[in-house]
Amino acid sequence: MTTETTPLTREQLDPFAGKSCGPDRQSRDPIAQSDIRSWVEALGDTNPIYVDEASAKATGRSSIIAPPAMLQVWSMAGLLKKPASPPHGARQELIALLAEAGFTSVVATNCEQEYIREAVPGDIITASEVIESVSDQKDTALGRGHFVTTLITFTDSDGAIIGNQRWRLFRFAPPNRKPAAEARPPRPRPAMNRDNAFFFEGTLAQELRIQRCDGCGTLRHPPSPACGTCQSFDWTAEAMSGRGTIHSFVVNHHPQVPAFNYPLVVALVDLEEGVRFVAEMPDAEPDDVSIGLPVEVRFRQQGDDLALPYFVLAPSQPAGER
Amino acid sequence: MSEPLQPALQATQVSVGDELPLLEIPIDRTFVISTAMATRDYQDVHHDHEAAVQRGAPDIFLNILTTTGLVNRFITDWAGPHARIKKTAIRLGLPAHPGDTLTLTGSVTESADGSVSVLLDGSTARGSHVSGTVSLELNGGEQA
């Protein structure tokens, strides 16, 4: 099951090759030592040739140089609103053509920087970007789409090339997208951090992992750094059976968040190991749910990197293949 | 200020198969945000947690220009200040978020007369964040 897309012909795509993406962008200020310093401090780069004249000269250079990876930084628009991107430029036309054919999502896949000359403080950099190529239609793990490669050439105030940067973006149609009538925004994602990472690693592996205190053996949920019973910071994540009984439940009618189906059953489940857990029962009819009924956990994949637990009434057939 | 310079890596000291010293970068919120600002990248997903979540990411994440910068730092940390990077070609993988540790590893794939290529990978616990190739000239102590 993939999203409907319209095949595009080479005759439609080839004319974009070589076209300019828009007006050139010139850095508004010459390269400055202070900007270089902010960059090396943020990235933790201790190479002395970016900040110390004597060291730079000792390596055979005539002065301090800007970090080569800052190539694109100098011409970035920053917080200025960009009138730079004209609505009718070749880039916009290509994006519109691909979107109309169903390729509405985008992800950057490759970045190549080539450094011709090391930029130095005082240089004023101008960036000009052209569309280099648009690939044939490709099927990838992300979905079906076209790779669009653009080339940015960076020149100094004499017009000499300092370097260039080749960007490859994949413009694609995400697979398994629901038809427009059923389209709904993605479910809100839980906040993840080091304390609860084990839990979400577990759900991705189809396991309901709960913390057990190494000090006193108490199970606890939701995840927390310390045991509420004995205050120990030592714990081990244990996979639960996923079976339990409904301790209590609510049926949500309002407020409605567009990502969910309503009425929505949310159950407080006593897991058989002796800890309580809250989760949705999205496939349950409210009239079928009552306190004390046995339930079993299932996992639903939310994108590639997240799976969330939910419960179904037991015994039952698995709700789906996912 | 000058501390003694890291000595220039000589062509004779580099062979195909050599592994570079591993570089571990613990990523926290300050790192993600300060590097985004230092690269003049003000897209909200690199500094605004709520905006990142709204766009479907679990948290803010590193921008691409920072990843490129870290790849180059990994190379010059090893090759020293004399080296000149000629080309950095990277393939982008999973995003890197606060709480992640980015581990860069690499090995020499070509070495001839001071021209060196390194194949590298930068991964977090979730998988590959970046992989690619860097070409550099060692300029081992001579004037270029």
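Quick notes on this structure:
- Shape call, chain A: gyration tensor on alpha carbons, a/c limit 1.5: oblate
- The lysine pair tally for the protein assembly as shown, using Cα distances under 26 Å and a gap of 8 or more places or different chains, is 7.
- This model, with +1 at the C-beta of Lys and Arg and -1 at the C-beta of Asp and Glu, gives the protein assembly as shown a dipole about its Cα centre of some 800 debye.
- With Cα atoms as the point set, the stretch B:15-137 shows a radius of gyration and Dmax of 15.2, 51 Å.
- HN-Hα J in Hz across the stretch A:225-238 - Karplus 6.51, -1.76, 1.60, θ = phi - 60°, x for Gly and Pro: x, 10, 6, x, 8, 10, 6, 6, 8, 9, 8, 10, 7, 10
- A:L142 versus A:A237: modelled label distance in nm, points set 7 Å from Cα along the beta carbon direction: 2.8
- The charge dipole of the stretch A:197-313, taken about the Cα centre with unit charges on the Cβ atoms of Lys, Arg (+1) and Asp, Glu (-1), comes to about 240 debye, rounded to the nearest 20.
- Of the residues A:I125, A:N110, A:G274, the one whose Cα sits farthest towards the positive end of the charge dipole of chain A is A:I125 (charges of +1 on Lys and Arg Cβ, -1 on Asp and Glu Cβ, taken about the Cα centre).
- Net charge dipole, the stretch B:1-129: roughly 340 debye, given to the nearest 20, about the Cα centre with Cβ charges of +1 for Lys and Arg and -1 for Asp and Glu.
- From phi via Karplus (6.51, -1.76, 1.60), per-residue ³J(HN,Hα) for the stretch A:121-134 in Hz, x at Gly/Pro: x, x, 5, 10, 9, 10, 10, 10, 10, 10, 6, 8, 7, 10
- Checking Cβ-Cβ separations below 4.7 Å across chain A identifies A:C21, A:C111 as cysteines lacking any candidate disulfide partner.
- Ordered by the number of other Cβ atoms lying within 10 Å of each residue's own Cβ, fewest first, A:Y262, A:Y50, B:Y42 fall into the sequence A:Y262, B:Y42, A:Y50.
No value in this document is a laboratory result; all are computed from the given coordinates. Keep in mind that this is a model prediction, so the values were computed, not measured. Cβ: placed from backbone, ideal geometry, glycine included. Neighbour counts: every protein chain shown.
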